[in-house]
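What follows is a set of notes on a single structure, which appears directly below.
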Amino acid sequence: MKLPRRTFLHLAAGAAALTLPRAARAQTYPSRPVQMIVGFPAGSAPDIIARLAAQWLADKLGQNFIIENRPGAGSNIGTELVVKAQPDGYTIICDVLTNVLNTALYQHLSFDFMRDIAPVAPVANAPYVILVTNSLPVTTVPEFIAYAKANPGKINMASGGIGTSSHIFGVLFMTMADIDMVHVPYRTNYMSDLIGGQVQAVINPIPQSMEFVKGGKVRALAVTTKTRLAALPDLPTAAEFVPGYEALGWYGIGAPKATPADIVGKLNGAINAALAEAPAKARLAELGVEPMRMTPEQFGKFITDEDEKWGKVIRDANIKLD
């Protein structure tokens, strides 16, 4: 049977790609646009970080990285798409702490994030801050804990919903500080209710908090990082009063589990190179987040540690979403 020339060339190109040596494959990748799946809506914090990372990757690797937002089911819809994608480096994911939390929150997913997504590179961490409404008569973490103990069940703690980072971070704080707050999950923005005093506290991402803190609309008590932030040097850490408390969001890049190591390494190198440069550092600082530079192996260990830490918090509190 004689094949049409176009079909023959297409098949020949495919066969050549299959037999391409690893070194040559790494040199030629990416030879076409790469799709980056974001499991959250456009304009969300993961989407903003993903678009920055996509531009940095495009600049370093000379190919377009195209964002596709696939929100829904706590990011599980977008994650499943990447899990099922070809492991060739042309479909990657912006993964975040939520992906790790979901491994403990959901019992019946069709995939296992820890097993099915290969760690490529972190991009940035996302410090959180403990906020209280101005009408609450506390100005420090010790005063807040004392007030909570004197008024058990009378402080309403807002969150972005059951199982979200703001919820889980609050659960860990309550456990370690030995206090009780009433969890009030929101489907919409809760900041207006915090300002108005309908809820009294929240552990909130710094990028979504600073305009309200600087404007005097809410009171910041502490950051959730292990050490004080350069951007907020006068604000103590929660760990200064609750030893060992640390809670960070983060943003990274993952790929289907069988993605070749040389391609993973090339993506990792490009991200790390960008994060070492002043423009990327400055842009992340504007957003209130900090760059994270790791090898794929270090990122994998980091994710495993996060899974162990937050999985225990979720299981001990018996929090489930299915």
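The values are calculated or read from the model by the stated rules, or taken from the named source; none is laboratory data. This is a predicted model, so every value here is computed, not measured. So basically every Cβ, Gly included, is an ideal-geometry build from the backbone, and we count neighbours across all protein chains shown. Side chains are part of the model used for accessible areas, which takes the heavy atoms of the whole protein and leaves out ligands, DNA and RNA. Shrake-Rupley method; radii C 1.70, N 1.55, O 1.52, S 1.80 Å.
A few comments on the model shown:
- Close amide-amide hydrogen proximity is noted between residue 222 and 130, each under 5 Å apart and 5 or more residues distant or on a separate chain (H modeled in the peptide plane; Pro and chain starts excluded).
- The share of C-alpha pairs in the stretch 238-282 whose separation exceeds 17 Å stands at 58 percent.
- Segment residue 108-residue 139, extension gain: residue separation times 0.36 nm, minus the distance between their alpha carbons: 6.9 nm
- Charged-residue dipole, Cβ positions (Lys, Arg, Asp, Glu), the stretch 40-112 about Cα centre, Debye nearest 20: 80 debye
- For the stretch 198-322, diffusion coefficient by Stokes-Einstein and Kirkwood Rh (Cα), 20 °C, 1.002 mPa s, µm²/s: 124 µm²/s
- Net charge in the neighbourhood of residue 37 (other residues with Cβ under 14 Å of its Cβ; Lys, Arg +1, Asp, Glu -1) is -2.
- Of 286, 240, the residue with the largest accessible area leads and the full order is 286, 240 (1.4 Å probe).
- The alpha carbon centroids of the stretch 203-228 and the stretch 260-322 are separated by 22 Å.
- Largest to smallest in accessible area, the residues 59, 88 fall in the order 59, 88 (1.4 Å probe, all protein chains included).
- Aspartates and glutamates whose Cα lies under 15 Å from that of residue 214, excluding same-chain neighbours fewer than 8 positions away: 234, 286
- Electrostatic bookkeeping for residue 113 treats Lys and Arg as +1 and Asp and Glu as -1; over the other residues with beta carbon under 9 Å from its beta carbon, the sum is -3.
- Scalar couplings 3J(HN,Hα) for the stretch 47-60, obtained by applying the Karplus form with A = 6.51, B = -1.76, C = 1.60 to θ = phi - 60°, are 5, 5, 5, 4, 5, 5, 4, 4, 5, 5, 5, 4, 5, 7 Hz; x denotes Gly and Pro.
- Largest-first ellipsoid semi-axes for the stretch 84-125, taking √(5λ) over the Cα gyration tensor eigenvalues, angstrom: 19, 16, 7
- Three-way shape call for the stretch 148-255 based on the alpha-carbon gyration tensor, with the a/c threshold at 1.5: rounded
- Residue-wise HN-Hα coupling along the stretch 198-214, computed from phi with Karplus coefficients 6.51, -1.76, 1.60 (Hz; x: Gly, Pro): 5, 10, 10, 8, 7, 9, 10, x, 4, x, 9, 10, 5, 5, 6, 5, 5
- Each principal axis of the stretch 79-227 carries a Cα extent, and these read 56, 32, 30 Å when sorted largest first.
- Cross-link reach is defined here as a Cα-Cα straight distance under 17 Å, omitting same-chain residues fewer than 8 places apart; for residue 257 the lysines meeting it are 84, 266, 301.
- Averaging the sequence gap over all C-alpha pairs within less than 8 Å and six or more residues apart, then dividing by the number of residues, gives the stretch 31-111 a relative contact order of 38 percent.
- Debye equation applied to the C-alpha atoms of the chain, log10 I(q)/I(0) at 0.15 Å⁻¹: -1.21
- Whole-angstrom gap from the stretch 130-185 to the stretch 105-128, using each part's C-alpha centre: 27 Å
- Between the listed residues 55, 223, 44, the Cα displaced farthest toward the positive end of the dipole of the chain, a dipole computed from Cβ unit charges relative to the Cα centre, is found at 55.
- Accessible solvent surface per residue of the chain, calculated while the other protein chains remain in place, 1.4 angstrom probe, Å²: 47 Å²
- Accessible surface of the stretch 15-137, 1.4 Å probe, proportion on carbon and sulfur as whole %: 55 percent
- Dipole of the stretch 174-322 [Lys/Arg +1, Asp/Glu -1 at C-beta], most positive-end residue of 237, 209, 176: 209
- Reach of residue 320 by Cα under 20 Å, taken over lysines that are not fewer than 8 positions away in the same chain: 309, 312
- Top of 221, 235, 194 by mean-square fluctuation, Gaussian network on the chain, Cα under 10 Å: 235
- Per-residue ellipticity at 222 nm computed for the chain from its helices equals -13000 deg cm²/dmol, with DSSP H segments shorter than 4 residues left out and the rest contributing -39,500 (n - 2.57).
- Local net charge near residue 274, Cβ-Cβ under 9 Å (Lys/Arg +1, Asp/Glu -1): -1
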